[in-house]
Amino acid sequence: MNSLLQYLENANIDTVLSSCSDFFLNYPNFSRQVLVVDGGAGTGSFSVKVMQRVVNARVIAFEPFPGNFTSFPESDRITLEKLALSNKDAIVDFVVPSMCTRTGQAFIPIGSSTTGFIGKPSNDSLDTIRVSAVTLSSYMDDNSIDSIDFLKLDLQGGEFDCLSGMGDKLSRTTFAWIEYAGDTRVLDYLQSFGFQLFDTDYLFVGEPNQYIESIFKVKSASVGINSIGKKIFFGRRRSNWLDYNKQFDFCRRKRRMVQTDILAVSAGAVEEFVRLIASW
């Protein structure tokens, strides 16, 4: 696993890259239209940022939770598909562990949720609804879409199912930004298609301590509160890990690390990507 942030630091490139929307701060505006797929779009915050930063972008946003529809932005460049992404076209159970109930959660409207996932509830107190799911492969066929320029997936554990549901169409994706919480199938599958993988910031709950800071660089500015009121902070790896999967698992179990985001660059776009970040 390559450390994107370490790469940027070594190249003396001073930029913020802790979320996929940051990537678009310096994304070039092509003469052609750029197609972005927002998987797990929530209330549309990422879709809006893409609209603001890439003038010729078109976004297809997938979001199955009805509580997020009312606050989703309207734009002639955003298509909201009220669907979940998975590895089959079917009606599925969608679990909603928590919803925003406090106005203090400024960027998330009351009644919305960013934590829903396809699956069975772990206990009876969790709300479960039935939603329609599609594969990106069938959606692309049905809508005459040949390729995807940028794929963002935040599916609360459903990322591998979505990727595997793309089939060979994954090879027609240039960049992918994927939430990664330790499902090694995601990394293996992307690499089997020739993607080069970079990690970004790592998310932790609680507060930093000396054990965490011996492995990660933590910036004081990254300490805050998440959408459900928990203390969180971000860190970046201090060094490369000889066994990435083993070290990731250790930090999940022993260092309160939750996840990172993976930037996957297709083999054919590596040179373009190097030129892109060199221009930052």
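The values are calculated or read from the model by the stated rules, or taken from the named source; none is laboratory data. A quick note: this is a predicted structure, and the numbers were derived from the prediction, not measured. When we count neighbours, we look across all protein chains shown, and the Cβ atoms used for this are built from the backbone with ideal geometry, even at glycine.
Observations on the structure shown:
- Just one of the listed residues (Ser222, Ser147) is modelled with pLDDT under 95 and hydroxyl-bearing (Ser, Thr, Tyr), and it is Ser222.
- Top-ranked residue of segment 167-194 - restricted to ones that are of a type in the set (Phe, Trp, Tyr) and modelled with pLDDT of 95 or more, ranked as nearest to the chain's Cα centre (by Cα): Tyr180
- Pair list, Cβ < 7 Å and 6+ apart or interchain, from segment 225-243 residues that are more than 12 Å from Ile215 (Cβ to Cβ) and modelled with pLDDT of 90 or more to residues that are in a loop (DSSP other than H, G, I, E, B) and of a type in the set (Ser, Thr, Tyr): Phe234/Ser18
- Count - residues of segment 51-72 that are in contact with a strand residue (DSSP E or B) (Cβ under 9 Å, 6 or more places away or on another chain), more than 18 Å from Ile145 (Cα to Cα) and either among the polar types (S, T, N, Q) or without any contact (Cβ under 8 Å) to a residue 40 or more places away in the chain (or both): 5
- Residues of segment 166-216 that turn out to be under 18 Å from Tyr244 (Cβ atoms), surrounded by fewer than 17 Cβ atoms within 10 Å (Cβ to Cβ) and not small (Gly, Ala, Ser), as a count: 6
- Some residue of segment 203-216 being at pLDDT below 90, in a strand (DSSP E or B) and out of contact with any His (no Cβ under 6 Å at 6 or more places or on another chain): no
- For segment 238-269, a residue qualifies if it is of a type in the set (Gly, Ala, Ser) and not in a loop (DSSP other than H, G, I, E, B), and the qualifying residues are Ala264, Ala267, Gly268, Ala269.
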